[in-house]
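Participant: Quick one: structure below, then a few questions.
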Amino acid sequence: MAITGSDLSLYFHVPFCKSICPYCHFYKIYYKPEMGKKYLKAIERHINTVKTTLENNNIVSIYFGGGTPSLLDTQIVEKILTLINPPSKNIEITIEINPEDYSIDKIKKYKNMGINRVSLGVQSFDDKLLKILKRRHSSKKAKDAILDIYRCGIENISIDLMYDVLHQDFKSFQKTIDEIKNLKITHISLYNLTFEKETFFYKNKKTLKNLMPDEKESLRLLNKAVLEFEKLGFKRYEISAFAKKGFESFHNIGYWIGRSFLGFGPSAFSYFENKRFRNIKNFQKYIDAFNLNNPYIDFEEELKYPDNINELLAIHLRMIRGVDILKFEKGIGKIPKKTIEILKNSKLVDFEKNRVKLNKQGLLFYDTLASEII
Ligand code: SF4
């Protein structure tokens, strides 16, 4: 693929997990130590395949996600970074860590190889809920991990939290929020539990749905989180993301504003030159593709006008600051009249000069609006 220079983010999907969480829909497989080397070999070949693209663009962020990237030997992560050879030490480099899979030695090595941001899969600080989610860590382990990561010199620490979990009540959620007050956290990603196809929870959806907080309680939990996070200095900058000043995720913002990104590893998506494509969603087949010189992509689509504009606009609206229409159109083209009408009639957005952004209702019913736009 011949490519010309612009900002480019890189995502590495590491599909290994020690146990499978019943709600998780990401592509993952049970980890065996011998898989690491095979993974690296395929990634090396993949990097080689897109070498020109990497050389001709400005790599602005790198993200190791999964799965559980912290299961990989640190030498493998370091080797990948060496192969990429990021242009500047100052770009945001994130790794996802599960609280039960880290060691102080590992964190120190991450820090030394230039990783400057950690995303920790905490989900809750209530042990009862962690058990329901079949997580292998305890609340204490998660808190220890945050402190250890900070002490090792990585100060940009994000945690994932969940609400709408089975049996979660206001008291339990309050407990989780109270813990945050005392922790060295700079960023929170807050998700509600959803029943995604092919998960254990999905298969048992009928029974489990009754154990979730009802709509009213769910809204109460969300409002509480937003209010308390803001009080603690976490500003909501995207529907699900809250950050202390200066700690908004540069990498994730790229997804919402349409920055190009290349995905490595099985099932990873890329977005490049108006095309969206996905690597083969199978570990062995992904490896084989590079061994046999076969295509490593199993899905590709080119978004044409007006779909490309509508889709990017819908994603971009996730940002709390909204979309600067003039700037947006300069980058991609005119927003179709029909889309502007949908936005105006929805009552879910406010127009302020050249800017359109979700209003209070829009933040709650974003999915409805997005599906109307797309
Ligand atoms: S939630 Fe994370 S640890 Fe659990 S199965 Fe999914 S990728 Fe693995």
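Participant: Which residue out of LYS285, LYS281, LYS245 is in the same structural domain as SER119 (by TED's automatic domain parsing) and at pLDDT 95 or above? Give the derivation first.
Facilitator: Details: LYS285 fails: in the same structural domain as SER119 (by TED's automatic domain parsing); LYS281 fails: in the same structural domain as SER119 (by TED's automatic domain parsing).
Checking each option against the conditions leaves just LYS245.
Participant: Here's something else I'd like to know. Picking from LEU208, LEU190, which residue would you name as being closer than 18 Å to PHE242 by Cα, assigned by TED's automatic domain parsing to the domain that holds PHE26 and out of contact with any Lys or Arg (no Cβ under 7 Å at 6 or more places or on another chain)? It would help to see each step written out before you state the result.
Facilitator: Working: LEU208 fails: closer than 18 Å to PHE242 by Cα.
Step by step, each of LEU208, LEU190 is checked, and only LEU190 is closer than 18 Å to PHE242 by Cα, assigned by TED's automatic domain parsing to the domain that holds PHE26 and out of contact with any Lys or Arg (no Cβ under 7 Å at 6 or more places or on another chain).
Participant: Show the residue pairs meeting these rules: Cβ distance below 6 Å; 6+ apart or different chains; first residue within the stretch 226-242 and in contact (Cβ under 8 Å) with a residue 40 or more places away in the chain; second residue among the polar types (S, T, N, Q).
Facilitator: SER240/SER189; ALA241/SER189
Participant: Another question, then. Taking only pairs six or more apart or across chains, which ones have beta-carbon atoms under 7 Å, a first residue in the stretch 123-135 that is within 19 Å of LYS209 (Cα to Cα), and a second residue that is within 12 Å of the ligand (Cβ to nearest atom) and among the aromatic types (Phe, Trp, Tyr)?
Facilitator: LEU133/TYR23
Participant: For LEU54, indicate whether it is in a helix (DSSP H, G or I), under 25 Å from PHE283 (Cβ atoms) and not basic (Lys, Arg). Lay out the reasoning, then the answer.
Facilitator: Working: in a helix (DSSP H, G or I): yes; under 25 Å from PHE283 (Cβ atoms): yes; not basic (Lys, Arg): yes.
Judged against the criteria, LEU54 is a match.
Participant: Among the residues of the stretch 305-343, which ones are without any contact (Cβ under 8 Å) to a residue 60 or more places away in the chain, surrounded by 15 or more Cβ atoms within 10 Å (Cβ to Cβ) and not in a helix (DSSP H, G or I)? Spell out the reasoning first.
Facilitator: Initially, the stretch 305-343 is screened for residues without any contact (Cβ under 8 Å) to a residue 60 or more places away in the chain, giving 305-306, 308-309, 312, 317, 322-330, 333-343.
If we keep only those that are surrounded by 15 or more Cβ atoms within 10 Å (Cβ to Cβ) too, we end up with 306, 308-309, 312, 317, 322-325, 328-329, 335-336, 339-340, 342-343.
Answer for the stretch 305-343, where residues must be without any contact (Cβ under 8 Å) to a residue 60 or more places away in the chain, surrounded by 15 or more Cβ atoms within 10 Å (Cβ to Cβ) and not in a helix (DSSP H, G or I): PRO306, LEU317, GLY322, VAL323, ASP324, ILE335, PRO336.
Participant: Confirm whether ILE43 is within 16 Å of the ligand (Cβ to nearest atom) and β-branched (Val, Ile, Thr).
Facilitator: No: the conditions fail for ILE43.
Participant: Looking only at residues that are away from the ligand (no atom under 16 Å from the Cβ) and in contact (Cβ under 8 Å) with a residue 60 or more places away in the chain in the stretch 10-40, which one is farthest from SER267 (Cα to Cα)?
Facilitator: Ranking the candidates gives LYS38 first.
Participant: State whether one or more residues within the stretch 82-99 are in contact with a Leu (Cβ under 6 Å, 6 or more places away or on another chain), closer than 24 Å to GLY246 by Cα and within 16 Å of the ligand (Cβ to nearest atom).
Facilitator: yes
Participant: Further, regarding this structure: Quick check on the stretch 69-125: of everything there that is outside any strand (DSSP E or B) and on the phi > 0 side of the Ramachandran plot, which residue is surrounded by the most Cβ atoms within 10 Å (Cβ to Cβ)? Quick ask: steps written out before the conclusion?
Facilitator: So the first thing to find is which residues in the stretch 69-125 are outside any strand (DSSP E or B), and the list is 69-91, 98-116, 124-125.
With on the phi > 0 side of the Ramachandran plot added as a condition, the list becomes 85, 114.
Values: ASN85: 10, GLY114: 15.
Ranking the qualifying residues of the stretch 69-125, first place goes to GLY114.
Participant: All but one of (1) touching a Leu at 6+ places or on another chain (Cβ under 9 Å); (2) within 25 Å of SER70 (Cβ to Cβ) hold for CYS152; which doesn't?
Facilitator: If we test CYS152 against (1) touching a Leu at 6+ places or on another chain (Cβ under 9 Å); (2) within 25 Å of SER70 (Cβ to Cβ), just (1) comes out false.
Participant: Can you work out which of the residues in the stretch 121-159 that are hydroxyl-bearing (Ser, Thr, Tyr) and away from the ligand (no atom under 16 Å from the Cβ) is farthest from ILE104 (Cα to Cα)? Before the answer, list the steps.
Facilitator: First pass over the stretch 121-159, keeping only residues hydroxyl-bearing (Ser, Thr, Tyr): 124, 138-139, 150, 158.
Of the ones still in play, those that are also away from the ligand (no atom under 16 Å from the Cβ) are 139, 150.
Working: SER139: 18, TYR150: 10 Å.
The extreme case among them is SER139.
The values are calculated or read from the model by the stated rules, or taken from the named source; none is laboratory data. If you're wondering where the values come from, they're calculated on a predicted model, not measured in any experiment. Note that each Cβ is placed from the backbone with ideal geometry, even for glycine, and that neighbours are counted across all protein chains shown.
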